[in-house]
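In what follows, a structure is listed as structure tokens, so that the remarks can point back to it.
The values are calculated or read from the model by the stated rules, or taken from the named source; none is laboratory data. None of the values given here were measured: they were computed from a predicted structure. We place every Cβ from the backbone using ideal geometry, glycine too, and count neighbours over all the protein chains shown. Ligands, DNA and RNA are excluded from the accessible area calculation, which covers all protein heavy atoms including side chains. Shrake-Rupley method; radii C 1.70, N 1.55, O 1.52, S 1.80 Å.
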Amino acid sequence: MWASLFAALALVVPRVALAEDPCRTVTFEGVPFTVCAATAADDVRVWLRDDNGRLIGTPGRLQALMAPGERLVFAMNGGMYAPDRSPVGLYVEKGREDHPIVTGAGEGNFGMLPNGVFCVGDRLRVIESRRFAAERPACRYATQSGPMLVIDGALHPRFIPDSDSTYIRNGVGVSPDGETAWFVISDRPVNFHRLARFFRDELGARDALYLDGSISRLMVPAQGRSDFGWPMGPIVGMVARD
């Protein structure tokens, strides 16, 4: 049932609201963050492999794979992955589910429940994983990661305000109406608590999801930004048409 629904959704093409450069720097508590905004009308996608089944790995290679008439607006790490760079949780691309959702607790940041799913459908949503598994909302693209940063306006209960575990970190948060998603990377090391508060208190996100840390990187071609880093697994970003 779900496979056929995902396949049908792959044929749905979102209308595109072009944005020349939706990325800006916002300073919060003395720390600069880069925020790239997208709307439900924009072409937001996740990627893992090229048409030949090879892992894409880097935003630069992803940019080179854009179809004629398309350009990459921005791209960043799109969620947790295994040593072979395959997704460790739910992964949906072009309506096809390539990896099932994981709802149990586990090791590392991904297993720090509650974790969640970023879903691109008629709206842009961040949904706690067990709720997602119960509701099974329709997603053209989806990626699971963890932990949740903000859950219905509350910070993750395990975050420590003065934690000294600081890294460059990235995540995604959504507006309450599902019309806007904010893709954020800290431009200096931060702990989970500060990143979560940035989403909630600065951007107004009631739900936000951690995507990665320490290896997080961002590419914004219009700004000439292309952070150095190791090849990654899932990539999330936005495409525009010229």
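Selection among Gly57, Leu72, His193 by position relative to the dipole of the chain gives Gly57 as farthest towards the positive end (Cβ unit charges, Cα centre).
By the gyration tensor of its Cα atoms, with a ≥ b ≥ c the square roots of the eigenvalues, what is the shape of segment 114-242: rounded for a/c under 1.5, prolate for a/b over b/c, or oblate? The partial results should precede the final answer.
On the way: a/c = 1.59, a/b = 1.04, b/c = 1.53.
It comes out oblate by the Cα gyration axes.
Dipole check for the chain: with +1 at the C-beta of Lys and Arg, -1 at the C-beta of Asp and Glu, and the Cα centre as origin, the magnitude is about 240 Debye. The mean sequence separation of alpha-carbon pairs under 8 Å and at least six residues apart, normalised by the residue count of segment 155-237, gives a relative contact order of 31 percent. The magnitude of the dipole of segment 36-170, with charges of +1 and -1 set on the Cβ of Lys/Arg and Asp/Glu and taken from the Cα centre, is near 180 debye. Could you tell me the center-to-center distance, by alpha carbons, between segment 119-152 and segment 205-230 in angstrom? A separation of 19 Å, based on Cα centres.
For segment 85-143, what does the accessible surface come to per residue with a 1.4 Å probe? Please give it in Å².
With the other protein chains kept in place, segment 85-143 gives 42 Å² per residue.
Given Cα pairs under 8 Å that are at least 6 residues apart, what percent is the relative contact order of segment 76-208? Rounded, it is 22 percent for segment 76-208. Here the chain exposes an accessible surface that is 52 percent carbon and sulfur, computed with a 1.4 Å probe and the other protein chains kept in place.
Which GluC sites (Glu not before Pro) from segment 74-131 combine a DSSP loop assignment with at most 14 other Cβ atoms within 10 Å? Before the final figure, lay out the partial values.
On the way: sites: Glu93, Glu97, Glu107, Glu128; in loops: Glu107.
Filter output for segment 74-131: Glu107.
For the chain, the relative contact order works out to 30 percent when only alpha carbon pairs closer than 8 Å and six or more residues apart are counted. In terms of its alpha-carbon gyration tensor, segment 39-83 comes out oblate; a/c meets the 1.5 threshold, while b/c is at least as large as a/b. Summing charges over all other residues whose Cβ lies under 13 Å from the Cβ of Arg125, with Lys and Arg as +1 and Asp and Glu as -1, gives -2. Annotation: segment 171-217 has a Kirkwood hydrodynamic radius of 10.8 angstrom, from the mean reciprocal C-alpha pair distance.
Between Gly53, Gly121, Gly95, the Gaussian network model of the chain with springs among Cα atoms under 10 angstrom shows the greatest mean-square fluctuation at Gly53.
In segment 114-174, which trypsin sites (Lys or Arg not before Pro) fall in coil by DSSP and have 16 or fewer other Cβ atoms within 10 Å?
Numbers: sites: Arg123, Arg125, Arg130, Arg131, Arg140, Arg158, Arg169; in loops: Arg123, Arg140, Arg158.
Answer by residue number: Arg123, Arg158.
Of the listed values (i) -0.35, -0.74; (ii) -0.22, -0.55; (iii) -0.19, -0.49, grab the one calculated as log10 I(q)/I(0) by the Debye sum over Cα atoms at q = 0.07, 0.11 Å⁻¹ from the structure here. Given (i) -0.35, -0.74; (ii) -0.22, -0.55; (iii) -0.19, -0.49, the structure-derived one carries the label (iii).
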